[in-house]
1. Would segment 48-58 turn up any residue that is modelled with pLDDT under 95, touching a strand residue (DSSP E or B) at 6+ places or on another chain (Cβ under 9 Å), on the phi < 0 side of the Ramachandran plot and not in a strand (DSSP E or B)?
2. Working only within segment 102-142, note down all residues that are surrounded by 13 or more Cβ atoms within 10 Å (Cβ to Cβ), touching a helix residue (DSSP H, G or I) at 6+ places or on another chain (Cβ under 6 Å) and either at pLDDT below 95 or not in a strand (DSSP E or B) (or both).
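The values are calculated or read from the model by the stated rules, or taken from the named source; none is laboratory data. This one's a predicted model, so the numbers in the text were calculated from it and none came from an experiment. Every residue, glycine among them, receives a Cβ derived from its backbone with ideal geometry; neighbour counts consider all protein chains shown.
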């Protein structure tokens, strides 16, 4: 199965950090601090693989009892629009539901709102700026 949970600190995790850096951070002139990455030890780390090559990823962070926040969704440039993100989202929802969570929230980039709306996520905030670009809080009950 191309979808799997990634263990923190493994070679797969390093692929995940590299992919997120390439897709989400470097284009904005940003990187990760050791403190940011250290906090991911308790997160649920998810990846979409072709053989042993990571093509997409995201992570889930508990924010409240019964609520998890989807973060750092990234798919390799050139593979976006091929269903990897949709598959990752379905996997993330199933993993969250199986872990007992009742709601997923996220800070969605304005440019990605349409993608998440197709998956039944609803905007739950006014527009705000995060990592120098416009975002919305979006959420979905599981």
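1. No, because not a single residue in segment 48-58 is modelled with pLDDT under 95, touching a strand residue (DSSP E or B) at 6+ places or on another chain (Cβ under 9 Å), on the phi < 0 side of the Ramachandran plot and not in a strand (DSSP E or B).
2. If the condition is that a residue be surrounded by 13 or more Cβ atoms within 10 Å (Cβ to Cβ), touching a helix residue (DSSP H, G or I) at 6+ places or on another chain (Cβ under 6 Å) and either at pLDDT below 95 or not in a strand (DSSP E or B) (or both), then 119, 142 are the ones that fit.
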